[in-house]
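Inspection log for the structure reproduced underneath, given as structure tokens.
The values are calculated or read from the model by the stated rules, or taken from the named source; none is laboratory data. Given the structure is predicted, the values throughout are model-derived calculations rather than measurements. Heads up, the Cβs are rebuilt from the backbone with ideal geometry, glycines too, and the neighbour counts pull from every protein chain shown. When the accessible area is computed, the model is the full protein with side chains, heavy atoms only, and any ligands, DNA or RNA have been set aside. Shrake-Rupley method; radii C 1.70, N 1.55, O 1.52, S 1.80 Å.
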Number of protein chains: 2
Amino acid sequence: MAELNERSQNILEAIVKDYIASAEPVGSRAITRRHDFNLSPASVRNVMADLEEMGLLCSPHTSAGRIPTEKGFQYYIDTLLQVRDLSDKEKKQLRNSYRFSGMKMEDIMQEVGRILSGLSKYAGLVMVPKFASTVFRQIEFVRLSHGRLLVIYVSETGLVQNKVISADVDIDQRQLEKISNYLNRELGGLTIHQVREKLKKEMQEEMSLYDQLRKKALSLSFAALQDEVEDQLFVAGTSLMLEQPEFSSPEQMRRLIQTFESKKILIDLLDRSQSAQGVQIFIGSDVDLKGCSLISANFSNRKGAIGALGVVGPMRMDYSQVVPIVDFTAQLVSRVLDREAE
Amino acid sequence: MAELNERSQNILEAIVKDYIASAEPVGSRAITRRHDFNLSPASVRNVMADLEEMGLLCSPHTSAGRIPTEKGFQYYIDTLLQVRDLSDKEKKQLRNSYRFSGMKMEDIMQEVGRILSGLSKYAGLVMVPKFASTVFRQIEFVRLSHGRLLVIYVSETGLVQNKVISADVDIDQRQLEKISNYLNRELGGLTIHQVREKLKKEMQEEMSLYDQLRKKALSLSFAALQDEVEDQLFVAGTSLMLEQPEFSSPEQMRRLIQTFESKKILIDLLDRSQSAQGVQIFIGSDVDLKGCSLISANFSNRKGAIGALGVVGPMRMDYSQVVPIVDFTAQLVSRVLDREAE
DNA sequence: TATTAGCACTCGAGCTGGTTGAGTGCTAAC
DNA sequence: GTTAGCACTCAACCAGCTCGAGTGCTAATA
């Protein structure tokens, strides 16, 4: 990206801000009226023409004003955006709206999504900690029918996963208890990732094992924990997005709803943000979110179990407002998870 | 409802069917053209005027055709609708699309919703068995932190619920195991409803109990099972609904999405249908579904754990097509649940 | 040389008026 | 009781019009 001189930057910033506020194309006169650049509309037009040349602006048709392109927004976010900090009062308010004592993980996540959506007026997303990175706490087996077992797995953070597996031989409940006791002793404190490694190694070593119990335990737990569980995504406030003028036409609405329905695109993005530090902003169609942006941040506790949360809004959303909300919420959630696991 | 003579019935039926097919107001000429009543348009008009008088039809404006009112649809469904049975071939196809072996409850429900939606081209709903009516199989406690316990409850059908409770005293994991063993022995085979009764009675009788273990077990399980868990609802295919012409305008879309988002209305209706026998049809705004209908049926296994599933579509949906699909799917799901619990 | 005033031009939005066609209600004849 | 005929209504569509906001270019200006 070629460098912009100060004047161009100012004008670009003005256009982006006005467009964020109004959702309408911004014209040269409107800018000189609303901002104090000591420039005539004609000069502004010249600058605008340059910015259009560079791909930062575009006009929907000849006699309309300009709107920022994705690239324009990207530039704005990268170099012009100033994120304001939350005031202590706002922080306090935010902290107060989060009351999670006695709630189970799923409910907490759902509630966080709702609050994010309520604060931002856009859609709130929360992705629960990825299975493989959670820390093993406890495993239980329940015999459902002949050869069919329900496995219940609990992580350090109190996240519960369950799964049905089939065993080739029938095992009664007493034996299952012994097996789970054994596994709980052996595997506590490891991440699922580590657990898998350990199981694989042991199974190779002890193919011809005498200890029947241990053998069964190994094969059962291997079956239970081997494959990846889909990430769980909570979405709240989709209908708020529909209020935004850019989604007022039926086709755009449909598109948006489909995006939220499939969840895949959103999960992929949150996954990406999970491994990064701090707040991340994803813009527009290069991430399959035509017309939208995602502001996200990961959360984690001391033990490292991680997830991600964020807000999806129109590309034209008020970043300076939403970024600190997402940031602070992620910190709050991290703290809550820490407390849960203490 | 006053009785209609045969001619009026025929014409009403023709109008409803044509409207279902086209989503457009139906005029008198169109009817004489498409159906063979040996009547002139003028005669049909007279009948239509009568039907409008009775509140079964209405016209959006003076020179448009007529469309059925909610009352009209209701009449059609109650007395004119002939539900065709599925052919053996279709049944077989349906059976083949359901492959649930080795899936856990939640995933099965989600999949059923998707298939319902795919078959009907409308939105598919599945509500998992109501908590209070499930049959107790097993309970486990996991100590999360000082005084905070995670309770995991498994029903006969393999449905897993979990909840965080706080105990006034700290209890170690060994003791928790004993407690859960005790409870599993005592409560197996009862419905949650029955369990609650039993616990209440025992707690009253044994306020001054010497057996500390039993006392703790009672109070813990009481805390764990006392309050009602929200019903869980799976929705699939909302975006298919948006394809329907009646939801093409932005406001109607927004409304529809909000209905699906809040879930409450849908849960209430499925709840109602849960206690009824066979297929139920809910129509329009007297059940807070403006412009929509819900076709639902409950499913159950021999042990009585029940839930409900259904399809939400525009009021103008093809009932003769969708009713048998919902019906047969409910039967299939019931059979699957039976097999799970065997 | 950078800035600006002036001007012709473009184009969407919104209004008007006219036409068309599907549909109605009423009445009088069959 | 049925129907043909007729006047009437109304949404949808189209064409033509004005308006206003905005543009790009050019020539004058500081």
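Every test in (1) surrounded by fewer than 18 Cβ atoms within 10 Å (Cβ to Cβ); (2) in contact with a Ser or Thr (Cβ under 8 Å, 6 or more places away or on another chain) is passed by B:Leu199 save one, and that test is (1). Of the set (1) within 18 Å of A:Met315 (Cα to Cα); (2) within 14 Å of chain B (Cβ to nearest Cβ); (3) within 15 Å of the chain's Cα centre (by Cα), all apply to A:Leu242 but (3).
Conditions (1) among the small types (Gly, Ala, Ser); (2) in a helix (DSSP H, G or I); (3) away from chain B (no Cβ under 14 Å), marked per residue:
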| residue | (1), (2), (3) |
| --- | --- |
| A:Thr259 | no, yes, no |
| A:Asp286 | no, yes, yes |
| A:Lys290 | no, no, yes |
| A:Ile295 | no, no, yes |
| A:Val322 | no, yes, yes |
| A:Asp327 | no, yes, yes |
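Among the residues of the range B:54-94, write down those that are within 16 Å of DNA strand D (Cβ to nearest atom) and of a type in the set (D, E, K, R). Lay out the reasoning, then the answer.
The first filter runs over the range B:54-94 and keeps only residues within 16 Å of DNA strand D (Cβ to nearest atom), leaving B:58-67.
Passing the criteria: only B:Arg66.
The sole residue among A:Ile67, A:Ile77 that is away from DNA strand C (no atom under 12 Å from the Cβ) and closer than 11 Å to A:Leu12 by Cα is A:Ile67.
Conditions tested, residue by residue: (1) under 15 Å from the mean Cα position of the chain (by Cα); (2) more than 29 Å from A:Ala167 (Cβ to Cβ).
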residue	(1), (2)
B:Lys71	no, yes
B:Thr79	no, yes
B:Val83	no, yes
B:Leu94	no, yes
B:Ser97	no, no
B:Lys130	yes, yes
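Listed by first and then second residue, the pairs linking a residue in the range A:51-65 that is in contact (Cβ under 8 Å) with a residue 60 or more places away in the chain to a residue that is open to solvent by 10 Å² or more (accessible area, probe 1.4 Å) and within 16 Å of DNA strand C (Cβ to nearest atom), with Cβ atoms under 8 Å apart and 6 or more places separating them unless they lie on different chains, form an empty list. Scanning the range A:157-191 for residues that are at the interface with chain B (Cβ under 9 Å from one of its Cβ atoms) and free of Cβ contacts under 8 Å to residues at least 60 places away in the same chain yields A:Val160, A:Asn162, A:Val164, A:Ile165, A:Ser166, A:Gln173, A:Glu177, A:Asn181, A:Asn184.
If only residues of the range A:286-322 that are touching a strand residue (DSSP E or B) at 6+ places or on another chain (Cβ under 9 Å) and either of a type in the set (Val, Ile, Thr) or surrounded by fewer than 16 Cβ atoms within 10 Å (Cβ to Cβ) (or both) are counted, the one that is nearest to A:Asp231 (Cα to Cα) is A:Ile306.
For the range A:329-340, a residue qualifies if it is open to solvent by less than 10 Å² (accessible area, probe 1.4 Å) and within 14 Å of chain B (Cβ to nearest Cβ), and exactly one does: A:Leu337. Contact map, the range A:1-22: first residue free of Cβ contacts under 8 Å to residues at least 24 places away in the same chain, second residue open to solvent by 90 Å² or more (accessible area, probe 1.4 Å) and part of a helix (DSSP H, G or I), Cβ cut-off under 8 Å, separation 6 or more or different chains; pairs are A:Ala14/A:Arg34; A:Asp18/A:Arg34.
Would you mind stating whether B:Leu240 is among the hydrophobic types (A, V, I, L, M, F, W, C), touching a residue at least 12 places away in the same chain (Cβ under 8 Å) and not assigned by TED's automatic domain parsing to the domain that holds B:Val142? Spelling it out, B:Leu240 is indeed among the hydrophobic types (A, V, I, L, M, F, W, C), touching a residue at least 12 places away in the same chain (Cβ under 8 Å) and not assigned by TED's automatic domain parsing to the domain that holds B:Val142. Looking only at residues of the range A:7-21 that are within 12 Å of DNA strand D (Cβ to nearest atom) and in contact with a Lys or Arg (Cβ under 9 Å, 6 or more places away or on another chain), we find that the one that is least open to solvent (accessible area, probe 1.4 Å) is A:Ile15.
Go through the range B:181-253 and tell me which helices (runs of 4 or more DSSP H), entirely inside it, have 1 or more residues that are small (Gly, Ala, Ser). Spell out the reasoning first.
Working: elements: B:192-205, B:212-225, B:238-241.
The qualifying helices (runs of 4 or more DSSP H) are B:212-225, B:238-241.
Among residues of the range A:40-52 being more than 9 Å from DNA strand D (Cβ to nearest atom) and not β-branched (Val, Ile, Thr), the one that is surrounded by the most Cβ atoms within 10 Å (Cβ to Cβ) is A:Leu51. Considering the conditions (1) open to solvent by 60 Å² or more (accessible area, probe 1.4 Å); (2) touching a strand residue (DSSP E or B) at 6+ places or on another chain (Cβ under 9 Å); (3) away from every other protein chain (no Cβ under 13 Å); (4) of a type outside the set (Ser, Thr, Tyr), A:Ile77 is excluded by exactly one of them, (1). Candidates A:Met103, A:Met109: the one that is without any contact (Cβ under 8 Å) to a residue 24 or more places away in the chain and in the same structural domain as A:Leu332 (by TED's automatic domain parsing) is A:Met103.
Restricting the range A:24-42 to residues that are within 11 Å of DNA strand C (Cβ to nearest atom) and under 21 Å from A:Tyr75 (Cβ atoms) leaves a set whose member that is farthest from the other protein chains (Cβ to nearest Cβ) is A:Leu39.
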